[in-house]
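A short reminder: the numbers here are calculations on the coordinates, not readings from a lab. Remember, predicted model here, so these are calculated numbers, not experimental data. Cβ placement follows ideal geometry from the backbone for every residue including glycine, while neighbour counts extend to all protein chains displayed.
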């Protein structure tokens, strides 16, 4: 990296807190340069990994917009007003325009264009020596300067269901109320210790790993102290379990069976 | 005293056993990963267990890994099921896959099932050593591409989670998926010229399409027997069910046309009873077919000339429009096809990826990005003078669908011809006539069409009558980074994915 040429964040937009799950399309505009091939795709990959944004890559945008996308983009010549119309047509709230041009060095620019106001809300540019490709860490750094910090905070949801009301729920060491309790939206990825307790009942404890944009369901069945044999409590704990709905939206249902003799329990170990 | 203690321990053991088994059954899955090295998956956060019941419905239970242990719910007793597992990282990326090849019937006993769980490695064959691609890594990772030593000029085909088969000449060598090292002794197939292979579902038998006909090989017993010496098959698929497997051989493959060539030729699909070699083969269909696939009783073929993928066994109705259909694959309950889209005035030709459920419902299609290749002028020291040549035709040569269809891998061939260009005023030739032939290995997301990684396997630029041109010498642009093929340029011939469809 020779020099960071321009770093401009327009305060008006930067101060707002945009939806961290908004739809963003990433487009690539080349001004007579064949350098840094696949740059837009790398931006898409980085955004998909580190944010909860709904990211449309250039190819997905082309599918939605039509084959004339590249021609339109060339005609826009980087003008925010024109590029915003592309974003509007594909239903995006923002366009990230990755520009590659050459002025001796390779100039890489990234503009964040707000589709609603048709204005550039942030812009970053870097000058790269010939045959230099930015590392993944550099791409991450560009994006962290381009996008609001809130975009890099990700969350998951934990739903806790217990068989009795009035049990105290502690998640990650913090009291969260008593059952029945609303779904908890918490930073992810992260591991949380969950404790559900009520006087006179065996305390339920588990540890869950919450994936970003995932949804965990913890079904806890608290047994009265001294009421059940140890192996029955073991069965209850195994069956209670923790459920995860992945980011892909898989529907998962895991019922606690009333008659255990009709079913086989699946457990596993990774070696 | 010792006797008393022993009796107490024995009594306690009986009690624990009784409690542990109770009246319900247990299935303990042991997900066996490669013990070490780059092939061992890392960073897994969740495990998804997919249970498919006899009616074909699959329930997936996803749970976090607690240490290295997990619980995956319950299944009804006495009902046969099939099991698959997926390990994903905390970004929900698939990093390893495993499948129980045989049907399981849960009962009141304690069953322990070991499943080889592996990264969904992609294997690419060419005249060089077999290349591996690790889709769990970024393309820029130096370990994204790898090579299997000692496999020069071989064809590689996944057998199951434990082994891949590598055919070199008339020899079949198993390679362990855990370390990519030879496993067992090489088998003599007694024929050469293998062009395709298909696995007998649920078994460790492979059927090979070779220059000497169809050959069946049992990789466990080393038994090899010919199924049919002629006619010579180009592609092969195995359908049917245990005890009545049928081998479908495509004879006279009609490839999707390249350049300005027309779509010509004729082919047929023959059916052979796998375990009754004396039965006469049956003609399933005649046409212009580029590939054949089978699932159970259903047989599918792609016709690049009519742009159709159809079910050809007469059962069910499946007809999918896929212009230039050149390769098929079945993954799970879907049939996948790779075809082509022609160029436009401003863009090169493209690959299209279509899929449909095996019952003919839920057809989907995506187009990959338009294809072009940059040619540079050899004597421009500034490396600024270049031509961006769009693909006149871009055809799929082979297709693999990774488990869960998170990615597809396709081998493509681009052909382009450009007439010489002349100065308008002086009429002198500026750029010579040229032909470009480019082979790529493309890894793409079949849901969006986004290309995850492209490797330019080989680029050949042929200049015609260049000597009187002002700029006579041009070459394919040098590849950099992840687009550069490991081990040098070569023409890829087949692609397969561990636990995937092909």
Of A:29, B:289, how do they rank once you tally other Cβ atoms within 10 Å and put the fewest first? A:29, B:289
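Quick one: what do you get for the stretch A:37-106 if you divide its Cα Rg by 2.2 N^0.38 Å?
Rounded to two decimals, the normalised Rg is 1.14.
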With Cα coordinates, the longest principal axis of chain B makes an angle with the long axis of helix B:2-21, in degrees rounded to 10, of 50 degrees
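Got a sec? How would B:274, A:64, A:147 order by Cβ neighbour count within 10 Å, fewest to most?
The order, fewest Cβ neighbours first, is A:64, B:274, A:147.
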For the stretch B:298-367 and the stretch B:49-82, write down the distance between their C-alpha centroids in whole Å. 32 Å
Average other protein chain Cβ within 10 Å of Cβ, residues B:463-472: 0
For B:373, A:219, order by how many other beta-carbon atoms lie within 10 Å, fewest first: A:219, B:373
For the protein assembly as shown, place one equal point scatterer on every Cα, skip the solvent, and apply the Debye formula. What is log10 of I(q)/I(0) at q = 0.06, 0.07 Å⁻¹? -0.44, -0.59
Mind checking B:100-108 for the average number of partner chain beta-carbons within 10 Å of each residue's beta-carbon? 1
In whole angstrom, note down how far apart the Cα centers of the stretch B:157-220 and the stretch B:419-480 are. 38 Å
